[in-house]
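A.B. asks: Before I ask anything, here is the structure I am working with.
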Amino acid sequence: MADWHAPQGPFDIPEVPDFVPRRLKPYLFIFFVLIIQFSGGLYLAAATDMVGTTALMQEDILMAGYASLIGMSINFAVMFRIKFRFSTRTQLLAAAMVLIAANFICAHTDCVPVLVITCFIAGWFRMQATLACNSTIQLWLTPVRDMAVFFCYVYIIVDSVIQLSGIATIYTAFFAQWEYMHWIMTGLLALLMAMVLLLVKPLRGPMYIPLLGIDWLGALLWAGFMMCVTFICVYGSYFDWWDAVEIRGAALLALGCLGVNLWRATFLHHPYITFQAMKNRNVVRATGIYLVFFTLMATEHVFEHSYAAAILGFDETNLIDLNWYVFAGILAGCAFTYFTFALRKWRYKTMTAIAFAMAIVYLAYFYFLIDYGVEKEMLFIPLFARGAASVIISIVFLTSIVQSGLSFQVFPQALTINGFTGAVLGATFGPAVVGELLRHTVAKNAALLGADIVGTNPDVAYAPFGQLYGMVQLQALVVSMKEIYGWLLMAAIAFLLIILVSYSSVRPFAIFPKWRTIRRTLKHLSRPINPIQAAEQ
């Protein structure tokens, strides 16, 4: 699509009328992306308010939020096919209408299946609209199609919006009600639709590619597998893990979906995700690094809110103000990655080591800092380091998948795997493991501290039971957090040493193919298969 945008001369977007200044056209699409990224259907920052005013549990809201990420991940494998089937105008209008409906449904329903399905569909259209905008301005961002540069832009938008959306949601709920965030985003989406109708022409690419040859059943099965894995991680502690029939049933269903998909991939001509994508060395390496790195950083989801709320006594507005520190880290991390990794072509090993070093700073700071009298400003350094480390590791390994040698017809499938393992599994598996570890560690330390308090100070035995229990639990929580931070810190140091002693001279050289080449590839995929040729293959 970008081929006919600017084959020569200054960059231009022909879908936008000429009365809009050429220099402002790319910023129009950045504005669209920001609105789309803010519109999630469900806003996890308002989870506490939603639990208090609806019949939903915290786990229900988290499951719906992760369903949106699964919808985004599943879309990766077919997003280019949809892009070349519909115009940018059609994609944006359809996505805006779906997101408006999702905001309305999520603000009114307390039915968990409806909430999860709505968020899944919203995530699908959210990803498609984001691609429509970002692909339109790709050559404006990097005329040579350097994906390391492009991903710096992508993550500075996506990760920053996550933090800013949380801030906007909490302050909206503080001054009004949490439902008002849905109405604000509905208004912005309506504004987006009006601007698209006025400022974007319904131009389609020079080659029409129908939606033929897509394994939709495979997409449904992969979505079911991802949903089941996410369900196990989110609801595992609530249902007491494998003692519950719900968790065992989800595990069996996940294995069934995975098995059927692997079986179908052995004989289908174009399965939704091929073995070539699953076995690619860079994809496997990225999956392993994501699981290790985001498990080390899982204290973000398990500890930070409990520590700041229960121990430091922060209210919701003070808690969400910590997002500004993470936001600053994201900006710094993207800028650092742009100047070193994208421009100077620093090695993958170097960037990975820097990200793990910043993770060590985050863990070490909390290990030595955690106490009862910490001021909010003292949390800047660890949260800044966490934001920078996460965005560096994400940009680096997403770029490595582009540079993995996969053909373009397989590359989007690798993005689906990367999206699930990085965004969904990274945010659910680690917290599930660390949360279960915290539960057992708190129980152990509470028993030890309770016996120690009563044994050394008989006067405490006459204190009210509720007060005594609260003191023991609070102290056990602090001690357990410090203990787990210490174990994670040692693990992070060990992984950093492994990275440092390993050898890798590979530098980023991930160049996106021309849109002309992509169109020809997708056109070939959409052709009907000749049974005789298929048998010969």
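The values are calculated or read from the model by the stated rules, or taken from the named source; none is laboratory data. Computed from a predicted structure; not experimentally measured. So basically every Cβ, Gly included, is an ideal-geometry build from the backbone, and we count neighbours across all protein chains shown.
A.B. asks: Having 1 or more residues that are under 25 Å from Val478 (Cα atoms), in the same structural domain as Arg285 (by TED's automatic domain parsing) and aromatic (Phe, Trp, Tyr) is the bar; report the helices (runs of 4 or more DSSP H) wholly within segment 309-373 that clear it.
C.D. replies: Numbers: elements: 316-321, 323-337, 348-369.
Result: 323-337, 348-369.
A.B. asks: Can you tell me which residue within segment 38-67, out of those that are under 22 Å from the mean Cα position of the chain (by Cα) and hydroxyl-bearing (Ser, Thr, Tyr), is farthest from His182 (Cα to Cα)?
C.D. replies: We begin by selecting, within segment 38-67, every residue under 22 Å from the mean Cα position of the chain (by Cα); these are 38-48, 50, 57-67.
From the residues that got through so far, the ones that are hydroxyl-bearing (Ser, Thr, Tyr) too are 39, 43, 48, 66.
Values: Ser39: 8, Tyr43: 9, Thr48: 16, Tyr66: 18 Å.
The qualifying residue farthest from His182 (Cα to Cα) is Tyr66.
A.B. asks: Can His301 be described as part of a helix (DSSP H, G or I) and in contact with a Pro (Cβ under 9 Å, 6 or more places away or on another chain)?
C.D. replies: Details: part of a helix (DSSP H, G or I): yes; in contact with a Pro (Cβ under 9 Å, 6 or more places away or on another chain): yes.
Judged against the criteria, His301 is a match.
A.B. asks: Kindly indicate whether Ala286 is buried (at least 19 other Cβ atoms within 10 Å of the Cβ) and among the hydrophobic types (A, V, I, L, M, F, W, C). Please lay out each step first, then the result.
C.D. replies: Details: buried (at least 19 other Cβ atoms within 10 Å of the Cβ): yes; among the hydrophobic types (A, V, I, L, M, F, W, C): yes.
So Ala286 passes the test.
A.B. asks: Shifting gears a bit: Which condition from (1) buried (at least 18 other Cβ atoms within 10 Å of the Cβ); (2) at pLDDT 85 or above is the one that Phe84 breaks?
C.D. replies: So Phe84 meets the others, but not (2).
A.B. asks: Here's another thing I want to ask about it. Looking at this structure, is Phe294 surrounded by 23 or more Cβ atoms within 10 Å (Cβ to Cβ), among the aromatic types (Phe, Trp, Tyr) and more than 16 Å from Tyr155 (Cα to Cα)?
C.D. replies: Numbers: surrounded by 23 or more Cβ atoms within 10 Å (Cβ to Cβ): yes; among the aromatic types (Phe, Trp, Tyr): yes; more than 16 Å from Tyr155 (Cα to Cα): yes.
Yes.
A.B. asks: What pairs come up if the first residue lies in segment 10-38 and is part of a helix (DSSP H, G or I), the second is at pLDDT 90 or above and aromatic (Phe, Trp, Tyr), and their beta carbons are under 6 Å apart, counting only those six or more places apart or on different chains?
C.D. replies: As it stands, the answer is Pro26/Trp140, since those pairs meet every condition given.
A.B. asks: For segment 265-287, enumerate the residues that are touching a helix residue (DSSP H, G or I) at 6+ places or on another chain (Cβ under 9 Å), part of a helix (DSSP H, G or I) and closer than 18 Å to Pro412 by Cβ. Reasoning before the result, please.
C.D. replies: Taking segment 265-287 and keeping what is touching a helix residue (DSSP H, G or I) at 6+ places or on another chain (Cβ under 9 Å), we get 265-266, 268-278, 280, 282-287.
Those still in the list that are part of a helix (DSSP H, G or I) too: 265, 275-278, 282-287.
Once the filter is applied, which keeps residues that are touching a helix residue (DSSP H, G or I) at 6+ places or on another chain (Cβ under 9 Å), part of a helix (DSSP H, G or I) and closer than 18 Å to Pro412 by Cβ, segment 265-287 yields Ala265, Phe275, Gln276, Ala277, Met278, Asn282, Val283, Val284, Ala286, Thr287.
A.B. asks: Can you tell me which residue in segment 195-254 is surrounded by the fewest Cβ atoms within 10 Å (Cβ to Cβ), limited to those that are of a type outside the set (A, V, I, L, M, F, W, C) and in a helix (DSSP H, G or I)? Lay out the reasoning, then the answer.
C.D. replies: Initial filter on segment 195-254 (of a type outside the set (A, V, I, L, M, F, W, C)): 201-202, 204-206, 208, 210, 213, 215, 218, 224, 230, 235-238, 240, 243, 246, 248-249.
Next cut, in a helix (DSSP H, G or I) only: 218, 224, 230, 235, 243, 246, 248-249.
Values: Gly218: 20, Gly224: 18, Thr230: 27, Tyr235: 20, Asp243: 8, Glu246: 14, Arg248: 14, Gly249: 12.
Out of the qualifying residues, it is Asp243.
A.B. asks: Any residue in segment 50-71 that is more than 20 Å from Gly236 (Cβ to Cβ) sitting within a Cβ distance under 9 Å of a residue that is hydroxyl-bearing (Ser, Thr, Tyr) and outside any helix (DSSP H, G or I)? List the pairs, counting only those 6 or more apart or interchain.
C.D. replies: Met50/Tyr43; Thr54/Thr109
A.B. asks: Name the residue, out of Leu164, Leu99, Leu92, that is surrounded by fewer than 21 Cβ atoms within 10 Å (Cβ to Cβ) and touching a Phe, Trp or Tyr at 6+ places or on another chain (Cβ under 8 Å). Step through it out loud before you land on a result.
C.D. replies: Details: Leu99 fails: surrounded by fewer than 21 Cβ atoms within 10 Å (Cβ to Cβ); Leu92 fails: surrounded by fewer than 21 Cβ atoms within 10 Å (Cβ to Cβ).
Within the list Leu164, Leu99, Leu92, the selection yields Leu164.
A.B. asks: OK, next. Taking Gly71 as the residue in question, decide whether it is of a type in the set (Gly, Ala, Ser), out of contact with any strand residue (DSSP E or B) (no Cβ under 6 Å at 6 or more places or on another chain) and within 19 Å of Ile214 (Cβ to Cβ).
C.D. replies: Numbers: of a type in the set (Gly, Ala, Ser): yes; out of contact with any strand residue (DSSP E or B) (no Cβ under 6 Å at 6 or more places or on another chain): yes; within 19 Å of Ile214 (Cβ to Cβ): yes.
For Gly71, the condition - of a type in the set (Gly, Ala, Ser), out of contact with any strand residue (DSSP E or B) (no Cβ under 6 Å at 6 or more places or on another chain) and within 19 Å of Ile214 (Cβ to Cβ) - is met.
A.B. asks: Any idea which of Val424, Val454 is outside the structural domain of Ser390 (by TED's automatic domain parsing), among the β-branched types (Val, Ile, Thr) and either modelled with pLDDT of 65 or more or in a helix (DSSP H, G or I) (or both)?
C.D. replies: Values: Val424 fails: outside the structural domain of Ser390 (by TED's automatic domain parsing).
Within the list Val424, Val454, the selection yields Val454.
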